[in-house]
Amino acid sequence: MAYDFAAIEPKWQKIWAEQKVFEVEADDSKEKFYCLEMFPYPSGALHMGHLRNYSIGDLLARFLRKQGYNVLYPMGFDAFGMPAENAAIKMKLSPAKWTFSNIEHMTEQLKRAGYSYDWRRRVETCNVNYYKWNQWLFLQFYKKGLVYRKHAPVNWCEDCQTVLANEQVVDEGVCWRCGTPVVKRDLDQWFIRITDYAEELLVCLDDLTGWPERVVTMQRNWIGRSEGVHFKMDIADTDLTIEAFTTRIDTTFGMTFVAIAAEHPFVEAFAEIAGGAKADELRAFAKRIASRSAIERTAVGGDKEGMNTGFFAINPVNGKKVPIWIADYILTDYGTGAIMGVPAHDQRDFDFVRKYDIPVIPVVRPADGPIPNGDEMTEATPADGVACNSGEFDGLPTQEAIEKISNWFEKQGLGEREVQYRLRDWLISRQRYWGTPIPMIYCEDCGVVPVPEDQLPVELPLDVEIPPTGGNPLVNRADFVNTTCPVCGKPAKRETDTMDTFFCSSWYFDRYTSPWTTDTPFDAHDAKYWMPVDQYIGGIEHACLHLIYARFFTKVCSDLGLLPKDVREPFKNLLTQGMVIKDGAKMSKSIGNVVDPDEIMSKYGADTARLFILFASPPDKDLDWSDRGVEGANRFLNRVWRLVETDLENIKNAPRERVAVKEIAEASDKEIKRIIHSTLERVTRDIRYERQFNTAVARLMELTNALLSYKPETAVGNSIKREGVETLLSCLSPYAPHMTEELWQMIGNTDCLSVAPWFAVDEDALAAEEETIVLQINGKVREQFTVQSGLSKVELEKEVLSRSETKARIEGKEIVKVIAVPGRLVNIVVKG
């Protein structure tokens with residue numbers, strides 16, 4: 001009969017919990033392995049993407065425990081954030097009540113799936129015992145000079161009513177969470193100097209050999225290191241000096257205009273100087289351009305728009321005046337917000353000047369060609385060749401020209417070499433309620449004052465009403481806002497902004513190592529033992545958000561002495577799992593192609609759901625959901641059940657001692673022994689090294705078929721079959737832990753299979769009596785036949801050439817060469 005998953009799965013979940021099977025402590029005598037998935041937002045229920053992510057992690061954790069590792073495998077919830085506020089408005093609940101209710105529900109779902117977490121270590125970032133340490137870390141960063149406040153143009157989402165970090169503006173310049181077009185606003189905001197670590201973040205990417213190259217490349221491009229010259233230009237008829245940065249200082253002679261961003265402070269300066277209608281015109285144009293998304297403004301090939309300010313910069317290399325324009329494709333997020341326009345060698349500059357009739361002056365020609373005619377050019381030309389129209393630097397190859405003109409700028413005091421990064425400082429202020437309060441106080445006499453550490457945490461009031469239109473209710477909570485200055489004792493005001501939730505997720509993996517610690521964020525000894533995470537699993541969409549921030553936090557915590565000095569990276573290996581696809585699209589409620597994990601587990605059991613997810617696709621590829629595939633996984637588990645149940649007494653009563661190969665007389669017994677250990681060897685390799693969990697399942701299906709066909713007739717045969725069944729159950733255990741535990745017990749074992757040692761491969765058993773050889777004549781396959789296994793090249797060649805069938809195939813032909821590959825093929829090259 002079919003196995004009763006509805007009874008078996010809760011039974012074993014209860015046993016595991018009661019026996020504390022998956023609870024673990026730091027133990028210097030054991031080799032550790034820290035396995036971790038990115039923790040979920042408690043949205044209310046698990047979806048199939050969650051199930052896939054956690055099934056991958058649980059398989060690894062269970063496998064590695066059986067291999068003898070001391071495995072840390074925790075779970076928690078990234079519980080602050082705007083969805084709770086939106087739900088509170090919709091359902092008329094407090095964000096706290098909604099969030100904690102969801103956490104409990106999702107915890108029960110995770111337990112139902114049989115995931116082997118150490119639940120004592122559960123972390124919720126909205127819990128005061130966690131976010132207290134967010135605030136403490138913020139203050140350590142502040143003392144280290146990594147936190148500052150400034151008035152700056154920021155990304156603003158009107159729908160969310162909050163600021164976004166640069167990394168949270170995605171796709172066509174929209175909010176990463178709600179998809180609303182992002183606009184710019186000027187606000188006083190808190191920033192973290194992640195740029196102080198830009199060089200190390202970049203250099204250490206070379207050490208991340210266990211990360212997908214795609215993620216490393218994405219981070220490298222996001223950090224965006226550029227070597228160039230930072231230089232100044234006087235603005236004619238004013239006392240102003242404008243600054244620019246370029247990686248191609250050798251093309252300065254080709255500058256025919258200067259372009260500034262709509263947000264550049266000189267827009268207002270020019271407006272004030274110009275006055276009248278021109279001032280209004282400049283301000284209106286800048287405001288309109290600033291409202292556009294960064295993607296729209298910088299798109300290559302898109303229509304460029306600009307306005308002549310009426311002011312001129314002085315080209316420092318030749319003293320010529322060049323007009324200063326406001327251009328839509330210039331942003332303040334990178335460089336100085338001003339560029340020298342060299343249209344001959346930059347396509348965006350070229351498109352711009354052709355629209356506004358600005359001259360083109362080529363300053364680089366091909367090494368073996370003439371100087372292009374700027375008036376006749378139809379597109380920008382490559383900026384690599386030989387300098388021309390560049391005064392005393394004419395004729396220099398590009399790299400030499402860059403070096404010598406850089407030297408000239410520095411000698412003249414007009415500029416200096418500089419390294420710049422695309423990476424911007426991390427804006428962490430959010431005008432939202434459901435987040436970590438920023439522990440700062442504003443005093444009229446003392447200015448900005450940090451909350452003393454002994455007054456932490458600054459607690460978030462839980463009895464709030466979220467305004468229907470969004471926004472931060474803390475602003476109107478006098479009992480929260482009003483406080484006392486810790487320096488002078490006079491009345492003061494609390495900061496009402498909360499932290500970006502990525503602050504919470506930048507160190508939670510450290511907290512897991514000792515979540516019960518009350519006097520520090522995490523225990524130093526435990527962190528030293530467990531960190532870094534050996535295997536991290538999550539979506540590639542976090543490549544330039546969470547993963548950069550987590551790397552930054554780890555470096556700072558190491559510098560602060562919270563982590564060992566040699567722990568500079570948080571994640572040794574990274575696996576980015578693919579999406580779950582159904583009907584050709586990613587599962588989504590809006591599309592209506594969602595499959596509810598609870599329904600699948602209710603119909604087929606957790607083991608079936610897990611097995612299908614792990615078998616249907618390699619972990620790093622998209623998984624195409626298939627109801628038939630789920631049914632197939634369920635049928636396979638039932639076949640394994642029948643394999644044991646129908647021959648239970650023979651298996652149970654069979655001798656438990658392993659039979660040595662040399663003691664096996666029957667060929668059929670030797671062959672099944674070989675299949676058992678060949679499967680064990682390949683499954684071990686598939687899981688441990690290749691991370692090809694799906695091919696391991698295919699091998700276990702083959703072993704199941706072989707065991708079903710095997711009919712032993714002796715005590716030796718029964719012992720081998722028991723060995724095969726135990727090997728099958730052990731290998732299948734990380735995939736389908738509940739059913740395999742039940743079968744393990746049914747055949748008379750009393751230990752817990754989940755932590756029973758992984759079986760060792762019997763090398764003697766791998767040697768087959770015979771092996772199949774392919775015969776090729778001039779590279780074409782002619783036949784297959786078996787020979788004694790283990791033949792050398794010479795022996796294999798002799799064996800094949802002596803066969804009557806081979807002689808008949810090459811009769812009358814001259815043998816040119818024989819290529820013998822033991823265990824695989826023989827290719828005879830003949831002529832005639």
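The values are calculated or read from the model by the stated rules, or taken from the named source; none is laboratory data. Please read all numbers here as calculations on a predicted model, not as lab measurements. All Cβ positions, glycine included, derive from the backbone under ideal geometry; neighbour counts span all protein chains shown. Quick note on the areas: whole protein, heavy atoms, side chains included, nothing else; ligands and nucleic acids left out. Shrake-Rupley method; radii C 1.70, N 1.55, O 1.52, S 1.80 Å.
Values computed for the structure shown
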read-out	value
Among (1) over 30 Å from residue 618 (Cα atoms); (2) in contact (Cβ under 8 Å) with a residue 60 or more places away in the chain; (3) open to solvent by 60 Å² or more (accessible area, probe 1.4 Å), the one test that residue 681 misses	(1)
Meets criteria (open to solvent by less than 10 Å² (accessible area, probe 1.4 Å), closer than 26 Å to residue 425 by Cα and without any contact (Cβ under 8 Å) to a residue 40 or more places away in the chain) for residue 216	yes
Count - residues of region 328-344 that are assigned to a loop (DSSP other than H, G, I, E, B) and either at pLDDT 90 or above or among the β-branched types (Val, Ile, Thr) (or both)	7
Residue tally, condition open to solvent by less than 20 Å² (accessible area, probe 1.4 Å) and touching a helix residue (DSSP H, G or I) at 6+ places or on another chain (Cβ under 7 Å), over region 416-431	3
Condition check for residue 146: crowded, with 18+ Cβ neighbours inside 10 Å, at negative phi, in contact with a helix residue (DSSP H, G or I) (Cβ under 7 Å, 6 or more places away or on another chain) and of a type in the set (A, V, I, L, M)	yes
Residue within region 789-799 that is among the β-branched types (Val, Ile, Thr), farther than 18 Å from residue 60 by Cα and part of a helix (DSSP H, G or I) present	yes
Breaking point among (1) under 29 Å from residue 506 (Cα atoms); (2) open to solvent by less than 10 Å² (accessible area, probe 1.4 Å), for residue 640	(1)
Matching residues in region 731-775 - criterion: being among the polar types (S, T, N, Q) and modelled with pLDDT of 95 or more	733, 740, 745, 749, 750, 754
In region 436-459, the residues that are within 17 Å of residue 134 (Cα to Cα), assigned to a loop (DSSP other than H, G, I, E, B) and out of contact with any Cys (no Cβ under 8 Å at 6 or more places or on another chain)	438, 439, 451, 452, 456, 457, 458, 459
Total residues in region 301-355, condition touching a Lys or Arg at 6+ places or on another chain (Cβ under 8 Å) and of a type in the set (Ser, Thr, Tyr)	2
Some residue of region 226-246 being at pLDDT 95 or above, assigned to a helix (DSSP H, G or I) and either surrounded by fewer than 23 Cβ atoms within 10 Å (Cβ to Cβ) or among the aromatic types (Phe, Trp, Tyr) (or both)	no
Scan of region 740-758 for residues that are touching a residue at least 60 places away in the same chain (Cβ under 8 Å), open to solvent by 20 Å² or more (accessible area, probe 1.4 Å) and of a type in the set (D, E, K, R), ordered by number	742
Candidate set: region 767-782, residues that are over 29 Å from residue 662 (Cβ atoms) and touching a residue at least 24 places away in the same chain (Cβ under 8 Å); chosen: the one surrounded by the fewest Cβ atoms within 10 Å (Cβ to Cβ)	779
Failed criterion for residue 34 (all others in (1) open to solvent by 40 Å² or more (accessible area, probe 1.4 Å); (2) under 19 Å from residue 691 (Cα atoms) hold)	(1)
Residues (open to solvent by 10 Å² or more (accessible area, probe 1.4 Å) and part of a helix (DSSP H, G or I)) located in region 703-730	705, 706, 708, 709, 715, 716, 718, 721, 726
Strands (runs of 3 or more DSSP E) wholly inside region 99-192 that include at least 2 residues being closer than 21 Å to residue 453 by Cβ and not hydrophobic (A, V, I, L, M, F, W, C)	147-157
